[in-house]
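Notes follow once the structure below has been shown.
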Amino acid sequence: MDATTAAPDAIVAIRGLTKEYKSGLRALNGVDLDIKRGEIFALLGPNGAGKTTLISIVCGIVNGTGGSVTVDGHDIRKDFRAARGLIGLVPQELSTDAFETVWATVKFSRGLFGKAPNPVHLERILRDLSLWEKRDSKIMALSGGMKRRVLIAKALAHEPRVLFLDEPTAGVDVELRHDMWQMVRRLRESGVTIILTTHYIEEAQEMADRIGVINRGEIVIVEEKHTLMRKLGKKQLTLSLQSPLTAMPEGLNEWPLELSADGQSLTYTFDTQGDDTGIAVLLRKLNELGIDFKDLHSSESSLEDIFVSLVRGGV
């Protein structure tokens, strides 16, 4: 399919994308995905799911076996220079020229894309990333966190409209992680589309507008974050019993209840979308059966619970 099949608000359109290696390994299996203009999209998946392969193909680093990718209407193969010029990539690996200064590295990255010198823009990036005071330092003298910031500065040097962040906060401290989140939000506000892969579920929950889950080279689900939480999230009510039960009472078999191994608590699972939770009726039923409880508390699924369930095929 060509770019005309993309959703009208899509800046990246991926159609039928496959990647098969000579070994026979099929890393991607017919991926269809639209990334909306101006959104933060989180791509989640276990190791080996195909996240980095997908990003590498979109960024022109790896060739797909089949299918197509367009970036703002430019085919990544037929019109590589125009498509790639719209993309910034922050890879996982800290691969920068150790003997260059921060300023020289970022300036060179801008020049690679044929952009005219713009020291004002580069200064703004370095200040936003708390790198300005380090502009004359050699990369080799920087900490791991600062090197990560340099990678982001390099990716932003040519003013891309789409920014890929491949595990951007892996191995960095909490302070830098929160700095990055703030920077990503500012970029989105300026109109940049952000696609990030992450192992940190809380990062996706904190940052993303939409979430996609990839597993074994296939997209399992793509959904607005809040809709995903609402659709797939479950709430649970746990009742701590006054007296332990040896088995589930017959009158409760029709209820979605689970008795703990020690018989000390009952857990009731209900749909967050349901009009009636059924809790009031359940409590009346427990009273009728003479089952008293001393405490109760509720909890709901986290994005991590949902992710694990999707990957395991349990939802």
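The values are calculated or read from the model by the stated rules, or taken from the named source; none is laboratory data. Everything quoted here is computed from the prediction, not taken from an experiment. Because the Cβ atoms are built from the backbone with ideal geometry, glycine has one as well, and the counts that use them run over all protein chains shown.
The conditions of being under 30 Å from Arg15 (Cβ atoms), at pLDDT 90 or above and part of a helix (DSSP H, G or I) are met by Arg188.
When Asp136 is tested against (1) crowded, with 20+ Cβ neighbours inside 10 Å; (2) outside any helix (DSSP H, G or I), exactly one condition is not met: (1). When the range 139-171 is limited to residues that are more than 21 Å from Ile55 (Cα to Cα) and in a loop (DSSP other than H, G, I, E, B), the one that is modelled with the highest pLDDT turns out to be Leu142. When the range 233-248 is filtered for residues that are surrounded by 16 or more Cβ atoms within 10 Å (Cβ to Cβ) and modelled with pLDDT of 85 or more, the ones remaining, listed by number, are Thr238, Leu239, Leu241, Leu245. Of all the listed residues (Leu282, Leu286, Leu266, Leu296), the sole one being closer than 29 Å to Ile201 by Cβ, surrounded by 14 or more Cβ atoms within 10 Å (Cβ to Cβ), more than 30 Å from the chain's Cα centre (by Cα) and at pLDDT 80 or above is Leu266.
Restricting attention to the range 121-155, the residues being within 20 Å of the chain's Cα centre (by Cα) and among the hydrophobic types (A, V, I, L, M, F, W, C) number 3. The residues of the range 191-206 that are at pLDDT 85 or above and either of a type outside the set (A, V, I, L, M) or out of contact with any Pro (no Cβ under 8 Å at 6 or more places or on another chain) (or both), listed by number, are Gly191, Thr193, Ile194, Ile195, Thr197.
If the condition is being closer than 17 Å to Leu54 by Cα, buried (at least 22 other Cβ atoms within 10 Å of the Cβ) and not hydroxyl-bearing (Ser, Thr, Tyr), then the range 194-218 contributes Ile194, Ile195, Leu196, Ile211, Gly212, Val213, Ile214, Gly217.
So if I check each of Asn63, Asn29, which one is out of contact with any helix residue (DSSP H, G or I) (no Cβ under 6 Å at 6 or more places or on another chain), modelled with pLDDT under 95 and either outside any strand (DSSP E or B) or not assigned by TED's automatic domain parsing to the domain that holds Trp181 (or both)?
Asn63
Of everything in the range 93-126 that is buried (at least 16 other Cβ atoms within 10 Å of the Cβ) and of a type in the set (S, T, N, Q), the residue that is farthest from Val192 (Cα to Cα) is Thr101.
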